[in-house]
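Take a look at the structure set out below.
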Amino acid sequence: MNQLLKGYKVLDFGRYIAAPYCASLLGQMGADVIRIERPGGSEDRFLAPITEQGDGAMYMQMNAHKKGITLDIAKPEGRKIAKELVATADIVIANLPPKTLKFLALDYDSLTAIKEEVILVANTAFGSTGPYADYIGFDGMAQAITGGNFYSGFPDQPIRCTVNFVDFSTALAATLGTLAAVMHKERTGEGQIVETSLLSTALTLNNSMLLEQAALNVNRPPKGNRGQLAGPADLFKTKDGHIVMSVVGPYMYKRWIRLMNKIEWLTDPRFTDDTQRGINNDILCEEMGKWCKARTTQEALDELKAAKLPAGPVLSFQQALDNPMVQSINHLNPLPFPGAPNDPLVTDAPFKLSKTPLEKLRRAPLLGEHNAEIYGELGYSASDLAALKVTEII
């Protein structure tokens, strides 16, 4: 059993990805995590449903390794019970705008009035200050507002990355900040606010391009999959699929030149360094594209591997599940879930610890699965819970 956060109780008021995944990781490090959702089930429970009762794929991943209770904290009686829960907790996690946090009495002042040393992990879309502070927002909005959609697209069509990389990166940032706050609390006894936002994460992820723009005013145009900082770099069509391949730096470029049998390009002024190769990447990609179209995906990858050039296949989700490399690292864990036709594959944490290995994952909770246990610890009887259920407080 992982002992790193043993004895820490976490209340997870989060939804979707950024806050819930942070809480799930804390659970794998030994914390006792309780997910709190609406009596009828919060909206993130039902995205991409895979069970008869509607439990979704996102919910099962983000809420693994937690207990689950229902509570309507929008109602005064619900907020009263939430205060009782806070009194027993060490860490409270939420991803709500500042005004909503305050209304629900989940802001730092309200929490510390109940338990002075509590740690609040507050994730928002746009931060706690500025003109967008009270806006709600998703991953795609952070991608859009920081230039990511524009740069990844084409001149007449921005492209949104459908993978929620800003959300997941924010969850990892929140986990890092929470662990730092725990270290501080262990040394001083003090709690604090850990603040993250999708906007600050997206700015961090796009920083090199934003930094270049601020320094040089280059105004790079969007070019889709095609790289602009070196070359060749693109997704290339083969006889039976596609591969992704990038060449960066003089040593890779020399190896690529030998593979292409274009020795004259070693001294061509259009390709003298990464900057020039990025500017003239269209020429390099055209040559690479012709080479790839003459080969199957496996043939192209075999030759590129022999030349020590980084490349990989472009796979569908099913092909990714079937890929021997994916299967070899045992990162996808089959966790039986009531009502699921097949065991959902839930990922381990994206890091491993040799001395304090993470706990073996447990499935996400059913709706209100631990109501009797958690509320019983607060002194509520079965008849109390029945009454609260009738009034839709739980």
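Let's see how each residue does on (1) over 24 Å from ALA74 (Cβ atoms); (2) within 15 Å of the chain's Cα centre (by Cα); (3) of a type in the set (A, V, I, L, M, F, W, C):
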{"position": "THR124", "(1), (2), (3)": "no, yes, no"}
{"position": "GLN143", "(1), (2), (3)": "yes, yes, no"}
{"position": "THR146", "(1), (2), (3)": "yes, no, no"}
{"position": "ASN149", "(1), (2), (3)": "yes, no, no"}
{"position": "PRO158", "(1), (2), (3)": "yes, no, no"}
{"position": "PHE168", "(1), (2), (3)": "yes, yes, yes"}
{"position": "ALA171", "(1), (2), (3)": "yes, yes, yes"}
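Where strands (runs of 3 or more DSSP E) sit wholly within the range 37-156, those with at least 2 residues that are touching a His at 6+ places or on another chain (Cβ under 8 Å) and in contact (Cβ under 8 Å) with a residue 12 or more places away in the chain occupy 67-70.
Against the conditions (1) surrounded by fewer than 19 Cβ atoms within 10 Å (Cβ to Cβ); (2) touching a residue at least 40 places away in the same chain (Cβ under 8 Å); (3) within 14 Å of the chain's Cα centre (by Cα), GLU190 satisfies every one except (3). Screening GLY231 against (1) in a loop (DSSP other than H, G, I, E, B); (2) small (Gly, Ala, Ser); (3) surrounded by fewer than 16 Cβ atoms within 10 Å (Cβ to Cβ) leaves a single unmet condition, (3).
For beta carbons closer than 7 Å, sequence separation of 6+ or different chains, a first residue in the range 335-363 that is over 17 Å from VAL33 (Cβ atoms) and a second that is assigned to a loop (DSSP other than H, G, I, E, B) and among the aliphatic types (A, V, I, L, M), the qualifying pairs are PRO338/LEU366; ALA340/ILE50; ASP343/LEU335; PRO344/ILE50; PRO344/LEU335; THR356/LEU4. Is it the case, given these coordinates, that ILE159 is within 21 Å of GLN213 (Cα to Cα) and either at pLDDT below 95 or assigned to a loop (DSSP other than H, G, I, E, B) (or both)? Judged against the criteria, ILE159 is a match. Candidates GLY56, GLY14: the one that is surrounded by fewer than 24 Cβ atoms within 10 Å (Cβ to Cβ) and under 22 Å from the mean Cα position of the chain (by Cα) is GLY56.
Checking each residue in the range 17-46 for being in contact with a Gly (Cβ under 7 Å, 6 or more places away or on another chain) and either surrounded by fewer than 20 Cβ atoms within 10 Å (Cβ to Cβ) or modelled with pLDDT under 95 (or both) picks out only PHE46. Of everything in the range 98-151 that is modelled with pLDDT of 95 or more and among the polar types (S, T, N, Q), the residue that is surrounded by the most Cβ atoms within 10 Å (Cβ to Cβ) is THR124.
The values are calculated or read from the model by the stated rules, or taken from the named source; none is laboratory data. All figures in this text were calculated on a predicted structure; none of them were measured in a lab. Here Cβ is always computed from backbone atoms with ideal geometry, including for glycine, and neighbour counts include all displayed protein chains.
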